[in-house]
1. Can you name every residue in region 147-160 that is within 16 Å of the chain's Cα centre (by Cα) and either in a helix (DSSP H, G or I) or not assigned by TED's automatic domain parsing to the domain that holds residue 115 (or both)?
2. Take the residues of region 89-132 that are part of a loop (DSSP other than H, G, I, E, B) and closer than 19 Å to residue 68 by Cα: which is modelled with the lowest pLDDT?
3. Residue 36 passes all but one of (1) under 17 Å from the mean Cα position of the chain (by Cα); (2) on the phi > 0 side of the Ramachandran plot; which number fails?
4. Would you please name the residue that is surrounded by the fewest Cβ atoms within 10 Å (Cβ to Cβ), looking only at residues in region 122-133 that are out of contact with any helix residue (DSSP H, G or I) (no Cβ under 7 Å at 6 or more places or on another chain) and closer than 17 Å to residue 89 by Cα?
5. Would you mind stating whether residue 77 is crowded, with 19+ Cβ neighbours inside 10 Å and either within 21 Å of the chain's Cα centre (by Cα) or within 13 Å of residue 133 (Cα to Cα) (or both)?
6. What is the number of the single condition among (1) farther than 20 Å from residue 63 by Cβ; (2) under 12 Å from the mean Cα position of the chain (by Cα) that residue 102 does not meet?
7. Give me the pairs, please: first residue somewhere in region 139-157 and surrounded by fewer than 17 Cβ atoms within 10 Å (Cβ to Cβ), second residue anywhere and in a loop (DSSP other than H, G, I, E, B), beta-carbon distance under 8 Å, and either six or more positions apart or on two chains.
8. Inside region 1-53, counting only strands (runs of 3 or more DSSP E) that do not spill past its ends, which hold 3 or more residues that are closer than 30 Å to residue 127 by Cα?
């Protein structure tokens, strides 16, 4: 389990076959779980200043592999007793999102992200979403996309500074949104709205 707060930007040294080798200040142990651009991966090799994680073919087919170069986001798995920040992130990427528009808005920047219609139902206004491992708040939900408002600090310290229109990103929807939606979904009805969920929960 993770929080979606990036602890470090690690340097990609190599990506050969299924092995991704990174250089970082953080020193994991063999077998540790670590989120790399939001995907929970297992450490399979360690040296004094590098570590290697392994990506399955399924992971490579799902993830935005073009972002596994240069610098990547890393976050070690939470330990019992850690301070909880961000939101609960599993490190299980649901799908790819695509940056469709970037607009300056005062002292921040709006990023519009499109995604598959299969997952848009789990995106909630003022809810949480994870983009390449970064915990963010959804400001607006549109028909097939959503809007994020990113402050300069986040842009300068994450991969957001290199995102352009058309960039693919790893996207994980909020775990609780998925659970609540499926708990209250009517049999055979995939069109349950969040207003319906509110009405159902108000009865209890």
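1. Taking region 147-160 and keeping what is within 16 Å of the chain's Cα centre (by Cα), we get 147-150, 154-155, 157-160.
Scanning region 147-160 gives 154, 155, 159, 160.
2. Of region 89-132, the ones part of a loop (DSSP other than H, G, I, E, B) are 90-94, 106-107, 115-116, 121-127, 132.
From the residues that got through so far, the ones that are closer than 19 Å to residue 68 by Cα too are 91-94, 132.
Values: 91: 89, 92: 93, 93: 96, 94: 94, 132: 97.
Of everything passing the filter in region 89-132, 91 is modelled with the lowest pLDDT.
3. (2)
4. First, pick out the residues of region 122-133 that are out of contact with any helix residue (DSSP H, G or I) (no Cβ under 7 Å at 6 or more places or on another chain): 123, 125-126, 128-131, 133.
After this cut, where a residue has to be closer than 17 Å to residue 89 by Cα as well, the list is 123, 126, 128-131, 133.
Numbers: 123: 23, 126: 9, 128: 21, 129: 27, 130: 29, 131: 25, 133: 30.
Applying the filter and picking the extreme gives 126.
5. Working: crowded, with 19+ Cβ neighbours inside 10 Å: no; either within 21 Å of the chain's Cα centre (by Cα) or within 13 Å of residue 133 (Cα to Cα) (or both): yes.
Taking the combined requirement at face value, the residue does not satisfy it.
6. Checking residue 102 against (1) farther than 20 Å from residue 63 by Cβ; (2) under 12 Å from the mean Cα position of the chain (by Cα), the one that fails is (2).
7. These pairs meet every condition: 139/125; 139/126; 140/125; 144/115; 151/107; 152/107; 157/6.
8. Details: elements: 8-16, 19-23, 33-36, 39-46.
Ranges flagged: 8-16, 33-36, 39-46.
The values are calculated or read from the model by the stated rules, or taken from the named source; none is laboratory data. All figures in this text were calculated on a predicted structure; none of them were measured in a lab. All Cβ positions, even for glycine, are placed from backbone atoms using ideal geometry, and neighbour counts span all protein chains on display.
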